[in-house]
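Engineer: The structure's right below; bear with me while I get my questions together.
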Amino acid sequence: MKKCIAVLAAFASAGTFAQSRVSLSGLLDTAVTHVRTEAGGRTVSKTGMFGSGFQSNFLRFDGREDLGDGWYSTFRLEAGLNTDSGLGIASNSNNQRSGAGPAASAMTFNRWAYVGLGSNRFGEVRVGRVYTAAFENFTPYDPFFTNGVGSSTPVTLRLGLRNTQTALNVSNAIEYLTPGYGQGFFGRVTLALGENPSDGTLAAGNPRHAGDHGAVRIGYASGPWSVAFSAGLTQNTAGAIGAVNNQGDYLNTNLSARYDFGWVRVQGQYVTESLEGATAAGGGLTGNPAHEAKTRSLLLGAIFPVGPGNFKVSYIHGRLTDNIGNPAEKGQLIAVGYDYNLSKRTAIYTVFSHIDNNAVGNYGFPAQYVTTGRGESSQGFSVGMRHIF
């Protein structure tokens, strides 16, 4: 439940801002998680408290002012949170490795930080830091909302999450959303800048167009149906900067669909990635601009309403290849879970997942859990609680 906070009243009369609002909302989610994997011929496990096991933690400030004749101004400041430690989550200033903040930091508005102008008839324009339109297609069509040990993204965004800074969010962005975005026919376009100089070079660590990003999402939603396609391209220059390999251009696409039968909601995704200067041997960077790695992933999932909650299941298959002759990595993730709603705002949940690899596969859970050995399997189990306010 959102709570209105009268911030603007301190600066002007109530009449001036009669059609304005500022609200505070958030979500807190923490799970006890046990992960087990094989690495280097031995078994490695970890048990700990981890945030966002079911849905992403955030603290959000929203605002909107009615400007008349269907026009409005809007803003959002939204910070990700590590509820297990109280630390914030790092942001990135220029969509490149050089702009990354510290991994464990004070609170930053790493998720959203934008101001916008919109019209009920013409749509909305936003400027600032946003979730790229390319990523928005992932979470709604994943039964586990791309969070926790059931998340599909370790497979579907294998190259993007490990090697780039724009798989989820982008800074220095301007974007447009069609009127009534998310219903009927809809569309969204995101453009972002790396803000490097025109004479920037790889040797200087600031290639001219590095961090420039473009993404589009189009779709249709009505009644039980929802289908959408997204694509995002981030420019960079593959090569070596000293002892560090730099990534090249990164492209991902996502075609997703969902249908609600009432007794079950079925959904699926087909995702592709390509990354210049990368290899299928571990999915890392080579520093050679002639090298290119690609992934192809398929997700099939279902959500069954059961009592006051939902039983969820998903299957994701991924394949990683390159153009330099390395054997293809193949992996699959199977996840099952149940969330039980104690109220409209509070839920408890449990998730179990299993990852398998072929002989050279290196698909695994995020590094915050454990690092999987090549050709090995992993299992994850979580029990947690989520509260929305």
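Engineer: With every atom except the alpha carbons ignored, what do you get for Rg and Dmax of segment 159-282, in angstroms?
Structural biologist: 17.7, 59
Engineer: Computed on alpha carbon atoms, what radius of gyration and Dmax characterise segment 228-330, expressed in Å?
Structural biologist: 18.0, 58
Engineer: Sort out for me the Cα centre separation of segment 287-313 from segment 153-202, rounded to whole Å.
Structural biologist: 19
Engineer: Starting from 0 in steps of 10 Å, tell me what percent of the Cα-Cα pairs of segment 77-143 lands in each bin.
Structural biologist: With a bin width of 10 Å, the distribution comes to 18, 38, 34, 9, 1.
Engineer: For segment 120-125, just list the computed ³J(HN,Hα) in residue order, Karplus coefficients 6.51, -1.76 and 1.60, θ = phi - 60°, integers in Hz, with x standing in for Gly and Pro.
Structural biologist: Values per residue, Gly and Pro as x: 4, 9, 10, x, 9, 10 Hz.
Engineer: So what is the orientation-averaged projected area of segment 66-205, using the convex hull of its C-alpha atoms, in nm²?
Structural biologist: Hull-based average projected area comes out at 11.0 nm².
Engineer: So, by mean Cβ neighbours within 10 angstrom, what's the order for 114-121, 241-248, 267-274 with the highest one leading? Show your work: numbers first, answer last.
Structural biologist: Working: 114-121: 15.4, 241-248: 17.1, 267-274: 20.1.
Those peptides, ordered most packed to least, come out 267-274, 241-248, 114-121.
Engineer: Can I ask one more? How many lysine pairs in the chain, separated by 8 or more positions in sequence or lying on different chains, have Cα atoms less than 24 Å apart? Don't jump to the answer; show the numbers that get you there.
Structural biologist: Details: Lys2/Lys344; Lys3/Lys344; Lys294/Lys330; Lys312/Lys330; Lys312/Lys344.
For the chain, the number of qualifying lysine pairs is 5.
Engineer: A follow-up question, please. With only alpha-carbon atoms counted, please give the Rg and Dmax of segment 283-364, in Å.
Structural biologist: 18.1, 55
Engineer: Then there is this: Tell me, what are the semi-axes, in whole angstrom and largest first, of the equivalent ellipsoid of the chain as set by the roots of 5 times the Cα gyration tensor eigenvalues? Intermediate values should be presented prior to the final figure.
Structural biologist: On the way: eigenvalues 221, 154, 83 Å².
So the three semi-axes of the chain are 33, 28, 20 Å.
Engineer: Could you compute how fast segment 214-288 diffuses translationally, taking Rh as the Kirkwood radius over C-alpha pairs and applying Stokes-Einstein at 4 °C with viscosity 1.567 mPa s? Give it in µm² per second.
Structural biologist: Numbers: Rh = 14.6 Å.
After rounding, the answer is 89 µm²/s.
Engineer: Can you list the equivalent-ellipsoid semi-axes of segment 8-140, largest first and in whole Å, using the square root of 5 times each Cα gyration tensor eigenvalue? Don't skip to the end; give the middle numbers.
Structural biologist: On the way: eigenvalues 285, 59, 42 Å².
Over the Cα atoms of segment 8-140, the semi-axes work out to 38, 17, 14 Å.
Engineer: Let me ask something else about it. So for each of 281-292, 299-310 I average, over its residues, the number of other beta carbons within 10 Å; can you give me the resulting order with the highest mean first? Walk me through the intermediate numbers first.
Structural biologist: Numbers: 281-292: 18.2, 299-310: 16.2.
Peptide ranking by packing, descending: 281-292, 299-310.
Engineer: Please compute the net charge surrounding Pro224, taking Lys and Arg as +1 and Asp and Glu as -1 over other residues with Cβ under 9 Å from its Cβ.
Structural biologist: Numbers: positive: Arg258, Arg265; negative: Asp260.
The answer is +1.
Engineer: Can you sort Lys344, Lys46 by how many other beta carbons sit within 10 Å, fewest first?
Structural biologist: Numbers: Lys344 8, Lys46 15.
Starting with the residue having the fewest Cβ neighbours, the order is Lys344, Lys46.
Engineer: Counting only C-alpha contacts under 8 Å and six or more residues apart, can you give the relative contact order of the chain as a whole percent? Intermediate values should be presented prior to the final figure.
Structural biologist: On the way: 1181 pairs, mean separation 57.7, N = 389.
Contact order relative to length: 15 percent.
Engineer: In debye to the nearest 20, how big a dipole does segment 30-131 give about its Cα centre with +1 on each Lys and Arg Cβ and -1 on each Asp and Glu Cβ? Can you show the working numbers first?
Structural biologist: Details: 11 positive and 8 negative charges, 90 e Å.
Result for segment 30-131 is approximately 440 debye, rounded to the nearest 20.
Engineer: I need the peptides 147-156, 161-170, 55-64, 254-263 ranked by packing, meaning the mean over residues of other C-beta atoms within 10 angstrom, with the highest value on top. Kindly include the intermediate steps, with their values, before the conclusion.
Structural biologist: Numbers: 147-156: 26.1, 161-170: 23.3, 55-64: 18.6, 254-263: 15.2.
For the peptides 147-156, 161-170, 55-64, 254-263, the packing ranking is 147-156, 161-170, 55-64, 254-263.
Every number in this text was worked out from the coordinates using simple rules, so none of it is lab data. Remember, it's a predicted structure, so these values are computed and weren't measured experimentally. Because the Cβ atoms are built from the backbone with ideal geometry, glycine has one as well, and the counts that use them run over all protein chains shown.
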